[in-house]
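Beneath this line is the structure, given in structure tokens, with notes to follow.
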Amino acid sequence: MYGFVLFIVGALLKVACGRCIWFENCSQSPYLENNADKWLNCAYDGEAKEAPLLKLERICPHLDPSEGVCCSEKQLDVMEKNFNISASILGRCPTCLHNFKKNFCAMTCHPQQSYFPQGQVMTSNHFETQEEVSVISNVTYYVADEFVQRVYDSCKNVVTPSVSGTALKLMCGKWGDKLCSPYRWFRYLGSLSNGFTPFQIDYVFSGETRHHPIPEGIQFYNTVVESCDVGVNGVIMIIGIFNSFKMRRYYSLYISE
């Protein structure tokens, strides 16, 4: 039986210190009928732990392993399975897919995790021991407009032949690719209605601060995002005849890797 004991974890977890809000899988999601590999994570107020180097390099290569991570090997395994589904839709542009992954890698594993997602906690039963444990039931995720816009721009024209249209025709819910926007896309990615998200992710974007008071110590996640004509790790992609493209690297006052 799931007993809800909800409270904002951000304040409790000493947000200003840049700590973790979770670590390891604790119980299967109660929000989805098909909840195989859909997990709620164990609440954890502590510092980042040693990173599983090979898996982190393969799944979230942009994260610095020397700083540790707020996710376990099992959490990385689950995230990789979800990324494989995304790759079947976004994989025609490796840079788009790489940018897309940064959003979830940061929320799940970033060593300064508590700066940008806040969690709500509920009690549940551990999937192995059946002991009562505290798990994160949903999160509020603070993300910079700059990051959201550039990830969207790198992916919006990726074609998916199976739907005779762009990837966003599949990935933007009721909006489809014609009415999709950066905000709408990310909100759909975080919604339980998409059938893949194990818990609700409520995005708050930096352009919405007038309507959403920002808790003390919270920062908006941002990092370098390349366009689809620039390969992963900044390698210029040659498309058709030799074209010249400018390398672009973006810097921000927001939190980044």
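The residues of the range 113-147 that are within 13 Å of residue 23 (Cα to Cα), among the small types (Gly, Ala, Ser) and crowded, with 21+ Cβ neighbours inside 10 Å, listed by number, are 114, 119.
Scanning the range 59-78 for residues being at pLDDT below 95 and within 12 Å of residue 101 (Cα to Cα) gives a total of 3.
The condition of being modelled with pLDDT of 95 or more and surrounded by fewer than 21 Cβ atoms within 10 Å (Cβ to Cβ) holds for only one of 210, 150, 187, that being 187. In the set 183, 142, 152, only one residue is in a helix (DSSP H, G or I), touching a residue at least 24 places away in the same chain (Cβ under 8 Å), over 27 Å from residue 54 (Cβ atoms) and touching a Pro at 6+ places or on another chain (Cβ under 9 Å); that residue is 152. Looking only at the range 189-226, residues that are part of a loop (DSSP other than H, G, I, E, B), closer than 23 Å to residue 99 by Cβ and aliphatic (A, V, I, L, M) come to 3 in all.
The values are calculated or read from the model by the stated rules, or taken from the named source; none is laboratory data. Since we're looking at a predicted model, the values are computed, not measured. Because the Cβ atoms are built from the backbone with ideal geometry, glycine has one as well, and the counts that use them run over all protein chains shown.
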